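Trainee: Here it is: the structure, laid out below.
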Amino acid sequence: MNHDAQSPNAGSLSPILLTPGPLTTSAATRQAMTRDWGSRDDAFIAMTRELRERLLGLAGGQTRHVSIPLQGSGTFIVEATVGTLIGPADKLLILINGAYGERMLSIVHRLNRRAEALRWPENQAIEADRVDRALRDDPDITHVALVHCETTTGLLNPLDAVATVVAGHGKALLVDAMSSFGALDIDLERTPITAVMASANKCLEGVPGLGFAVIEEQSLRAAKGINPSLCFDLYEQWQGFERNGQWRFTPPVQVVAALVTALRQLESEGGPAARRRRYQENFDVLSQGMEQLGFRLFLEKSVQAPIIATFFQPTSPWFRFPLFYQALAARGFLIYPGKLSQADTFRVGCIGAIGPDDFRRFLGVVDAIMTEQKETTP
Ligand SMILES: *Cc1c(COP(=O)(O)O)cnc(C)c1O
């Protein structure tokens, strides 16, 4: 358990979550959930307005985009965005190098919309020139989708290069920025993107229960009536907010309160650039320390985002991952078991209200557990 005064989550009695979300939150964010809100009351309507404005501002989308929060986890907002924007006459090209790209493809199939997949190995970044060729070869494609940071491995895809290619062909781009929004650079003023999707409980350091999309207003207006789902229709959800500032259906009021509080903290921290620096420091302390303990990173540094680190499991005959996991959990650190198709690995998240000192303590604990396992495993 964490009692480190230097840490952003000082005083927490919760475990430190070194996972890709939900993740460790600050005391102020948890505190924001300790009261009730009337969902149709002016105070909550004002909070919803602040939420939507802050999300739009973080994306740099004030001139051409609108922000639409939706109840549910991150996958809900991906399904809602795809279902709202991709109509029966459209065709979506999905760029895939991990589990979240594959998940988007299953969503499109479920929705009975046309899709094509372009795949890369899990340890390789998407290549803009292959996207260029695919768009030249198939004029039926109307939309392209990619995952900005593929949380499966922690790989950062080249968003700006792909966006330039897609815009050059006059197509729409959908970006799953779930594990990058709020920390890695996304600027709708500079980069041509139709829709960005993310959720409360990753780099924004809110609690789970809410996703949101920032969508070009013109494309959203054109999407009226496309989505056969009542709950997931983001055009209708947007119209609801525009009509009276209220959510169409019961909002997760405490989740909204926590997220608004977390967004104010993001601003006082210095915005996404400052948050990225903290995460980078977390990643550097973690990766250097783990390498000194004999662990190896799965990805090359050139494609690695400072969001989540994937390590190979040690090949030493005495190493037992389940015991390693349990021993870490018993000492207050939850990591993420991750089986890639290519290798036995595990993941350690670098995001959340945690700082380099948390990672120094983590490394000390890993060191002790490894020594213990080596001596006690027959
Ligand atoms: C977390 C995440 C999602 C959504 O996952 P949920 O479990 O539904 O919140 C989608 N895409 C990426 C890249 C993610 O990291």
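Trainee: Specify which of the listed residues (L184, L173) is of a type in the set (A, V, I, L, M), over 30 Å from Q313 (Cβ atoms) and either within 16 Å of the ligand (Cβ to nearest atom) or not in a helix (DSSP H, G or I) (or both). Even if it seems obvious, please write down each step before you answer.
Mentor: Working: L184 fails: over 30 Å from Q313 (Cβ atoms).
Matching residue, one of L184, L173: L173.
Trainee: Condition test on A167, is it within 19 Å of A59 (Cα to Cα), buried (at least 17 other Cβ atoms within 10 Å of the Cβ) and of a type in the set (G, A, S)? Full working, then the answer.
Mentor: Numbers: within 19 Å of A59 (Cα to Cα): yes; buried (at least 17 other Cβ atoms within 10 Å of the Cβ): no; of a type in the set (G, A, S): yes.
So A167 does not fit the description; no.
Trainee: Could you run through the stretch 86-105 and say how many residues are open to solvent by 10 Å² or more (accessible area, probe 1.4 Å), more than 12 Å from the ligand (Cβ to nearest atom) and either in a helix (DSSP H, G or I) or not hydrophobic (A, V, I, L, M, F, W, C) (or both)?
Mentor: Matching residues across the stretch 86-105 total 4.
Trainee: Quick one: which residue in G225, G206, G245 is under 15 Å from T84 (Cα atoms), of a type outside the set (V, I, T) and either within 14 Å of the ligand (Cβ to nearest atom) or over 21 Å from the mean Cα position of the chain (by Cα) (or both)?
Mentor: On the way: G206 fails: under 15 Å from T84 (Cα atoms); G245 fails: under 15 Å from T84 (Cα atoms).
Just a single option satisfies the conditions, and that option is G225.
Trainee: Let me ask something else about it. Before we move on, is L135 within 16 Å of the ligand (Cβ to nearest atom) and touching a residue at least 40 places away in the same chain (Cβ under 8 Å)?
Mentor: Working: within 16 Å of the ligand (Cβ to nearest atom): no; touching a residue at least 40 places away in the same chain (Cβ under 8 Å): yes.
So L135 does not fit the description; no.
Trainee: Oh, and also: Out of the stretch 136-164, which residues are open to solvent by 40 Å² or more (accessible area, probe 1.4 Å) and in contact with a Pro (Cβ under 8 Å, 6 or more places away or on another chain)?
Mentor: Hit for the stretch 136-164 is T164, nothing else.
Trainee: Is it fair to say R296 is of a type in the set (K, R) and either touching a residue at least 40 places away in the same chain (Cβ under 8 Å) or in contact with a helix residue (DSSP H, G or I) (Cβ under 8 Å, 6 or more places away or on another chain) (or both)? First the steps, then the outcome.
Mentor: Values: of a type in the set (K, R): yes; either touching a residue at least 40 places away in the same chain (Cβ under 8 Å) or in contact with a helix residue (DSSP H, G or I) (Cβ under 8 Å, 6 or more places away or on another chain) (or both): no.
For R296, the condition - of a type in the set (K, R) and either touching a residue at least 40 places away in the same chain (Cβ under 8 Å) or in contact with a helix residue (DSSP H, G or I) (Cβ under 8 Å, 6 or more places away or on another chain) (or both) - is not met.
Trainee: Residue by residue through the stretch 56-85, note down the ones that are touching a helix residue (DSSP H, G or I) at 6+ places or on another chain (Cβ under 8 Å) and away from the ligand (no atom under 16 Å from the Cβ).
Mentor: Those that are touching a helix residue (DSSP H, G or I) at 6+ places or on another chain (Cβ under 8 Å) and away from the ligand (no atom under 16 Å from the Cβ): L58, Q62, R64, H65, V66, S67, I68, T84, L85.
Trainee: Oh, and also: Just name the residue that is nearest to the ligand (Cβ to nearest atom) out of those in the stretch 187-203 that are over 25 Å from A257 (Cα atoms) and not charged (D, E, K, R).
Mentor: Looking at the filtered set, the residue picked out is I193.
Trainee: Which one is least open to solvent (accessible area, probe 1.4 Å) among residues in the stretch 40-58 that are among the hydrophobic types (A, V, I, L, M, F, W, C) and over 22 Å from L188 (Cα atoms)?
Mentor: Residue satisfying both the conditions and the ranking: F44.
The values are calculated or read from the model by the stated rules, or taken from the named source; none is laboratory data. Just so you know, these numbers come straight off a predicted model, no measurement behind them. Quick reminder, even Gly has a Cβ in these numbers, built from the backbone with ideal geometry, and neighbours come from all protein chains shown. All accessible areas refer to the heavy atoms of the entire protein, side chains included, with ligands and DNA or RNA removed. Shrake-Rupley method; radii C 1.70, N 1.55, O 1.52, S 1.80 Å.
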